[in-house]
Amino acid sequence: MHKIEDIILFIKKETSSSIEVHPDTDLEKDIRITGDDISDFLNKYSLEFNVNMKNYLWYFHQHEEIYGGIGALLFKTPNDRVKHIGITPKILLESANEGYWNVNYPEHNLPKFRYDVITNFIIAILIIIFFVFIMYKKYSM
C-alpha cells in the first residue's frame, strides 16, 4: 500500500514545484500543471504506481492545451460541459492503491461530434481557399 507521502514526493519530483503540496492540492489549479504537461505527468504516474488509466476522462480534470479558437466561442469544449474534478494527491493515492483510475464521474452527455473543432476546421479551409483564390487572381493575369 502506498502512502500520501509517496504521492506528494512523486509530485514534487516530477513538477519541480516550490508550492507546498497537501492531500487536497489541485494539480491544475494550484500547481498549474496543464494540457500536455498533465498528460505527461499522468503517464509517468501510471508507470510509477502501476495504475491502469483506461477509465480516465481528461475533460473532467483538465483544459485543452491550446485555445479552442472561434469554434470554442460558438460551441462548448468537452471540459466546459462538465464540472471540474481536481486531480489531487488524495485521488492519486486512492487510484495507486486500487491499481486503476477509480474516480466515479457524474452522469454526463457529450455531443457525438466536436462542433468546436469542426467549426475551426471549416474556417481554416475557407481561409486557405480564400488565399488560393487571391493568389490565383494575382498571378493568372
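Taken together, the values in this text are just the output of simple stated rules run on the coordinates, not laboratory data. Keep in mind that this is a model prediction, so the values were computed, not measured. Positions of Cβ are generated from backbone atoms using ideal geometry, with glycine treated the same way; all protein chains shown enter the neighbour counts.
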Quiz item: What spacing in nm lies between the two simple spin-label points modelled at GLU48 and SER140, each 7 Å away from Cα in the Cβ direction?
Solution: 5.9 nm
Practice problem: Could you calculate the FRET efficiency of HIS2 with SER39 from 1/(1 + (r/R0)^6), where r is the beta carbon distance between them and R0 is 30 Å, rounded to 0.05? | Solution: 0.90
Practice problem: Only helical DSSP H runs with n ≥ 4 go in: add -39500 (n - 2.57) per run for the chain, normalise by residue count and round the 222 nm mean residue ellipticity to 500 deg cm²/dmol. | Solution: -16000 deg cm²/dmol
Quiz prompt | Neighbourhood charge, 13 Å Cβ-Cβ cut-off, centred on PRO111 and excluding it, Lys, Arg +1 and Asp, Glu -1 | solution = +2
Exercise. Relative to the longest principal axis of the C-alpha atoms of the chain, give the angle of the C-alpha long axis of helix 89-98, reported between 0 and 90° and rounded to the nearest 10°.
Key: 70 degrees
Quiz item: What longest range of the chain stays clear of loop-exposed GluC sites (Glu not before Pro) (DSSP non-H/G/I/E/B, at most 16 other C-beta within 10 angstrom)?
Solution: 21-64
Quiz prompt | Percent breakdown of C-alpha pair distances by 10 Å bin, ordered from the shortest bin, for the range 80-130 | solution = 19, 27, 24, 19, 10, 1
Quiz item: Top mean-square fluctuation among PHE131, PHE60, PHE49, Gaussian network model of the chain, C-alpha springs under 10 Å?
Solution: PHE131
Quiz item: Where in the range 77-97 does the label zone of TYR115 land, with the point 7 angstrom along Cα→C-beta and an amide N cut-off under 11 Å?
Solution: 77
Quiz item: How high is the FRET efficiency from HIS108 to ASN55, r the C-beta distance, R0 22 Å, rounded to 0.05?
Solution: 0.95
Exercise. Per residue, how big is the convex hull around the C-alpha atoms of the range 4-139? Give it to me in cubic angstrom, could you?
Key: 148 Å³
Quiz item: Can you work out the FRET efficiency for the pair PHE133 and LEU74, with r the C-beta to C-beta distance and R0 = 30 Å, to the nearest 0.05?
Solution: 0.75
Quiz item: Could you name the lysines in cross-link range of LYS29, using Cα to Cα under 21 Å and dropping any fewer than eight places away on the same chain?
Solution: LYS12, LYS13, LYS44, LYS76, LYS83, LYS90
